[in-house]
Number of protein chains: 2
Amino acid sequence: MIKINQNYLKLRGSYLFSNIAKKVSAFTEAHPEANIIRLGIGDVTRPLTPSIIKAIHDATDEMASEQTFKGYAPDLGYSFLRETIAKNDYEARGCDIAADEIFVSDGAKCDSGNIQEIFSEDSKIAVCDPVYPVYVDTNVMAGRTGVFDEKTEQWSDVIYMPCTEATGFAPELPEKTPDIIYICSPNNPTGSAMKKADLQKWVDYANEKKAVIIFDAAYEAYISEDDVPHSIYECKGARTCAIEIRSFSKNAGFTGVRLGFTVIPKDLKDADGNSLHALWARRHGTKYNGAPYIIQKAGEAVYSEQGKAEIRGLVSYYMENAKMILDGLKEAGFSVSGGVNAPYIWLKTPDNMTSWEFFDYLLEKVNIVGTPGSGFGPSGEGYFRLTAFGSHENTKAAVERIKGLK
Amino acid sequence: MIKINQNYLKLRGSYLFSNIAKKVSAFTEAHPEANIIRLGIGDVTRPLTPSIIKAIHDATDEMASEQTFKGYAPDLGYSFLRETIAKNDYEARGCDIAADEIFVSDGAKCDSGNIQEIFSEDSKIAVCDPVYPVYVDTNVMAGRTGVFDEKTEQWSDVIYMPCTEATGFAPELPEKTPDIIYICSPNNPTGSAMKKADLQKWVDYANEKKAVIIFDAAYEAYISEDDVPHSIYECKGARTCAIEIRSFSKNAGFTGVRLGFTVIPKDLKDADGNSLHALWARRHGTKYNGAPYIIQKAGEAVYSEQGKAEIRGLVSYYMENAKMILDGLKEAGFSVSGGVNAPYIWLKTPDNMTSWEFFDYLLEKVNIVGTPGSGFGPSGEGYFRLTAFGSHENTKAAVERIKGLK
């Protein structure tokens with residue numbers, strides 16, 4: 001008899017961005033003349049840069065010849081890419097991470113969704129609130145979150161760490177002790193980033209409690225302040241308590257190219273000495289078949305001298321948008337944060353509107369699509385996310401339209 | 001406290017092909033002069049064909065321009081690819097499958113490993129024995145297989161369906177009733193394929209028992225006989241009991257390109273009316289971020305007129321190898337099967353050698369790498385798999401070497 005995973009039925013509505021897409025599509029149908037500006041989903045808009053395009057063309061030509069054709073990739077990624085990552089993202093920042101502690105994948109969403117599989121079903125998770133919905137949703141699917149309370153909009157077995165104006169948009173050490181702590185810094189959606197000293201406190205806490213931190217650093221390329229760490233391994237002791245997830249989506253514009261990686265140091269073990277590195281390697285080997293060769297070559301090109309310069313250009317482009325939104329909204333009297341170490345601007349909805357009310361308001365009044373803060377967790381209610389991933393022109397127009405509202 | 005998924009510790013040794021790689025690597029180190037011929041892992045060796053190379057180049061150029069750049073792909077795949085698949089793989093064979101019942105992914109290994117997630121933990125699985133190890137291993141990881149018996153080499157909660165000489169290498173309806181039935185046809189590793197009338201029996205059985213069939217058709221392009229179905233949806237009633245998994249790896253040589261798809265008809269539901277299609281859509285939306293645009297364009301090119309002709313050429317090339325191996329081994333007195341509707345040749349080890357003994361024997365005596373049948377399940381013991389994915393030259397040389405053994 002077909003017996004389904006009942007945990008799936010507990011999931012709340014459909015995925016945030018699917019809901020937004022449906023609302024926008026309904027609005028467009030009703031108002032085909034509307035010139036909608038999308039500052040909602042965190043998708044990039046600038047094309048791939050020349051050195052990446054060249055790397056893909058070259059690798060594609062290799063695939064056309066019997067002598068240079070590549071079949072299955074090595075389970076955990078090609079050495080050329082893992083070595084390059086180890087050198088540029090870790091050695092260059094004084095982090096002790098070896099190439100064989102890096103697992104290449106098709107993106108940070110998959111990794112951050114799949115990583116919970118290597119932990120026991122009764123592990124207790126802690127999440128920042130608000131945060132990227134994938135952490136909680138994938139734990140719901142695995143039956144780890146208990147019962148949903150419609151009033152508080154919280155799961156009974158999840159430890160929520162509010163990140164609001166009151167906490168300076170940073171998580172505070174929780175009262176209950178978690179087994180798995182998800183930290184995303186620079187944070188999606190608030191755009192806040194943890195200082196090194198603050199992150200060090202979390203590493204110390206995790207080591208003391210023998211917990212694991214899953215550190216999502218998908219937005220590290222947007223860090224502009226010196227005291228904000230790019231990797232959790234800049235903190236002392238992180239090798240025994242932290243997994244780090246990285247993405248090529250937001251720095252190099254790979255949202256439609258698909259490449260990411262996860263770092264699991266070999267020192268990271270449970271109380272019985274079982275290596276999390278070995279478990280994840282086993283998962284990769286059994287359920288995954290490697291990122292495409294041509295795309296791993298594109299990833300390598302991101303670290304070439306020319307590639308690095310191009311990526312800096314991309315990030316600067318989006319960060320100019322961030323500044324435009326941040327300054328414009330402040331000028332218009334909104335209460336805003338983020339946008340300095342991240343491509344996200346987080347604003348308080350005016351006039352006590354709920355997040356979805358403000359979504360409808362912006363869409364209807366000025367045809368701008370943003371993301372309701374409540375979609376990222378209960379403490380996101382009353383907030384709203386705008387992203388800096390549009391074009392200069394659209395971003396400027398959007399800011400003018402919003403200013404006109406006031 | 002870090003608490004791991006204890007089911008991972010139950011997994012047997014490491015993954016079959018990792019073991020083979022280690023043995024070959026040790027042999028090569030000891031005998032650097034040896035000219036090893038690899039007929040082991042099912043990896044293709046012919047380069048990508050011209051129409052596919054062109055599609056990747058063209059799509060890459062689109063990614064270089066702001067006007068044609070593509071970010072995140074639609075959750076379930078681009079319409080252009082899903083429509084093309086629906087038309088060519090299903091409509092053309094009289095199967096009633098709509099484009100929106102097709103989920104594009106990065107390959108059949110991921111899909112066949114992940115699909116078990118949408119079922120309850122206490123679902124009972126049935127597998128052909130021997131078979132592709134991913135089905136059982138991923139169910140071990142999910143805690144669905146019970147205890148491993150070292151003597152029988154079987155899991156207590158798995159229903160094994162022996163496919164040996166005695167059963168004509170086909171599964172027979174099991175005595176115990178399964179909830180999930182994995183069928184791979186043409187079969188990896190035996191190379192046998194089910195006739196339509198035989199598969200119809202399974203569809204009828206699954207509908208009667210309200211079970212689900214997970215039909216892995218990764219090798220359908222190699223079918224040469226008319227009465228062997230290319231899709232399970234050629235059977236009456238399959239829409240209410242079958243999921244089909246397909247791959248671009250073995251027809252178009254995409255092992256290093258990564259593309260596949262899974263079909264879940266909307267009529268496939270549990271007793272409470274929950275749609276498996278909706279569950280899988282939710283999984284895709286939450287844990288996956290789409291196959292790369294340039295690779296979905298490559299997939300589309302597989303179905304162009306030129307692409308189809310090129311793919312026929314690739315398949316013919318490998319099937320000539322299959323015939324060479326089949327005929328040569330028969331001539332040499334081996335007991336062989338497969339190789340007619342599949343790129344795999346399945347042989348009985350001589351002189352009552354175990355599968356791993358024959359592996360070592362072939363590697364040491366004639367420097368040929370094959371795959372031990374026992375790696376695919378207990379009933380594979382005493383058998384051995386050779387693949388047709390080498391070059392003509394290597395395959396011919398391998399056959400000559402094996403003939404020389406006798």
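Where a number appears in this text, it was derived from the coordinates with a stated rule and is not lab data. Just so it is clear, the model here is predicted, and its values are computed rather than measured. Here Cβ is always computed from backbone atoms with ideal geometry, including for glycine, and neighbour counts include all displayed protein chains.
Stretch B:ASP272-B:SER335 to full length: gain in nm at 0.36 nm per residue minus the Cα-Cα span?
Contour length minus the Cα-Cα distance gives 17.8 nm.
Once the other residues with Cβ under 15 Å from the Cβ of A:GLU29 are scored (Lys, Arg +1; Asp, Glu -1), what is the net sum?
0
Which loop-located GluC sites (Glu not before Pro) does segment A:169-223 contain, where loop means any DSSP state but H, G, I, E or B and the Cβ has at most 11 other Cβ atoms within 10 Å?
Filter output for segment A:169-223: A:GLU175.
As a test, work out the antiparallel percent of DSSP beta bridges whose residues both lie in segment A:53-305, rounded to the nearest 5.
Working: 11 of 28 bridges.
Around 40 percent of the beta bridges assigned by DSSP in segment A:53-305 are antiparallel ones.
Dipole magnitude of segment B:7-166 about its Cα centre, charges +1 at Lys/Arg Cβ and -1 at Asp/Glu Cβ only, in debye to the nearest 20?
About 520 debye.
Would you mind checking the pairs B:LYS195/B:LYS396; A:LYS22/A:LYS365; A:LYS308/A:LYS396; A:LYS23/A:LYS250; B:LYS250/B:LYS403 and listing those with alpha carbons more than 21 angstrom apart?
Pairs exceeding the cut-off: B:LYS195/B:LYS396; A:LYS308/A:LYS396; A:LYS23/A:LYS250; B:LYS250/B:LYS403.
How large is the helix-only mean residue ellipticity at 222 nm for chain A, computed as the sum of -39500 (n - 2.57) over DSSP H runs with n ≥ 4, divided by its residue count, in deg cm²/dmol to the nearest 500?
Calculated at 222 nm, the ellipticity per residue is -11000 deg cm²/dmol.
Report the one residue of A:GLY253, A:TYR90, A:SER123 whose Cα lies farthest in the direction of the positive end of the charge dipole of chain A (charges on C-beta: Lys and Arg +1, Asp and Glu -1; origin at the Cα centre).
Value: A:GLY253.
Can you compute the charge dipole magnitude of segment B:1-62 about its Cα centre, using +1 on each Lys and Arg Cβ and -1 on each Asp and Glu Cβ, nothing else charged? Give it in debye, rounded to the nearest 20. Let's see the in-between values first.
Values: 8 positive and 6 negative charges, 118 e Å.
So the dipole magnitude of segment B:1-62 works out to roughly 560 debye.
What is the spread of the Cα atoms of segment B:154-239 along each of their three principal axes, largest first, in whole Å?
37, 29, 20
If you filter segment B:166-216 for trypsin sites (Lys or Arg not before Pro), then keep DSSP loop positions with at most 12 other Cβ within 10 Å, what is left? Could the numbers behind the result be given before it?
Numbers: sites: B:LYS176, B:LYS195, B:LYS196, B:LYS201, B:LYS209, B:LYS210; in loops: B:LYS176, B:LYS195, B:LYS210.
Answer in residue order: B:LYS176.
Restricted to Cα positions, what overall size does segment B:94-275 have along the principal axes? Three whole-Å values, descending.
The Cα atoms of segment B:94-275 stretch 43, 40, 34 Å along the principal axes, largest first.
Nothing charged except the Cβ atoms of Lys and Arg (+1) and of Asp and Glu (-1): what's the magnitude of the dipole of chain B about its Cα centre? Round to the nearest 20 debye.
On the way: 44 positive and 55 negative charges, 77 e Å.
The dipole of chain B has a size of about 360 debye.
So, in nm, how far is label B:LYS403 from label B:VAL147 when the simple model puts each one 7 Å beyond its Cα toward the Cβ?
5.2
Per residue and in cubic angstrom, what volume does the convex hull of the Cα atoms of segment B:298-367 have?
Details: hull volume 8.5 nm³, N = 70.
Cα convex hull per residue, to the nearest whole number: 122 Å³.
Take peptide B:250-261, look around each residue's Cβ out to 10 angstrom, count Cβ atoms belonging to other protein chains, and average those counts.
Averaged over the peptide's residues, the number is 4.
Any idea how far apart B:SER224 and A:THR28 come out in nm if each label point goes 7 Å out from Cα toward Cβ?
4.9
Rounded if a/c is under 1.5, else prolate if a/b is larger than b/c, else oblate: which is segment B:220-318, with a ≥ b ≥ c the root eigenvalues of its Cα gyration tensor? Kindly include the intermediate steps, with their values, before the conclusion.
Values: a/c = 3.03, a/b = 1.38, b/c = 2.20.
Note, shape of segment B:220-318 comes out oblate.
Just want to confirm a number: the relative contact order over chain A, from Cα pairs under 8 angstrom separated by 6+ residues, in percent.
Values: 769 pairs, mean separation 91.9, N = 406.
Relative contact order here is 23 percent.
Give the average, rounded to an integer, of partner chain Cβ atoms located within 10 angstrom of each Cβ in A:106-117.
So the per-residue partner count for this stretch is 4.
List the residues of segment A:298-335 whose backbone N lies under 13 Å from a point placed 7 Å from the Cα of A:ALA92 along the Cα-to-Cβ direction.
Inside the label zone: A:300-313.
Determine one quarter of the surface area of the Cα convex hull of the protein assembly as shown, which equals its mean projected area, and express it in nm² to one decimal.
Seen from a random direction, the Cα hull of the protein assembly as shown projects 33.0 nm² on average.
If you add up the charges near B:ALA64, with Lys and Arg at +1 and Asp and Glu at -1, over every other residue whose beta carbon is less than 13 angstrom from its beta carbon, what do you get?
Overall, the nearby charge balance is -2.
Would you mind counting up the charge near B:ALA55? Only other residues with Cβ under 10 Å from its Cβ, with Lys and Arg at +1 and Asp and Glu at -1.
Every neighbour counted, the sum reads 0.
Calculate the mean, over all residues of peptide A:35-47, of how many other protein chain Cβ atoms lie within 10 angstrom of the residue's Cβ.
2
For segment B:253-303, which trypsin sites (Lys or Arg not before Pro) are both in a DSSP coil and crowded by at most 14 other Cβ atoms within 10 Å?
Here the sparse-neighbourhood loop sites are B:LYS266.
Give me the log10 of I(q) over I(0) for chain A at q = 0.15 Å⁻¹, as the Debye formula computes it from C-alpha points; what are the numbers?
For chain A, the Cα-only Debye profile gives -1.49.
HN-Hα J couplings of segment A:259-268 from phi, Karplus 6.51/-1.76/1.60, θ = phi - 60°, integer Hz, Gly and Pro as x?
For segment A:259-268, the Karplus curve yields 7, x, 7, 10, 10, 10, x, 5, 7, 8 Hz.
Defining the label point at 7 Å along Cα→Cβ, can you sort the distances from B:GLY313 to the same site in each other copy, shortest first, in nm?
Label-point separations across copies, in nm and ascending: 3.8.
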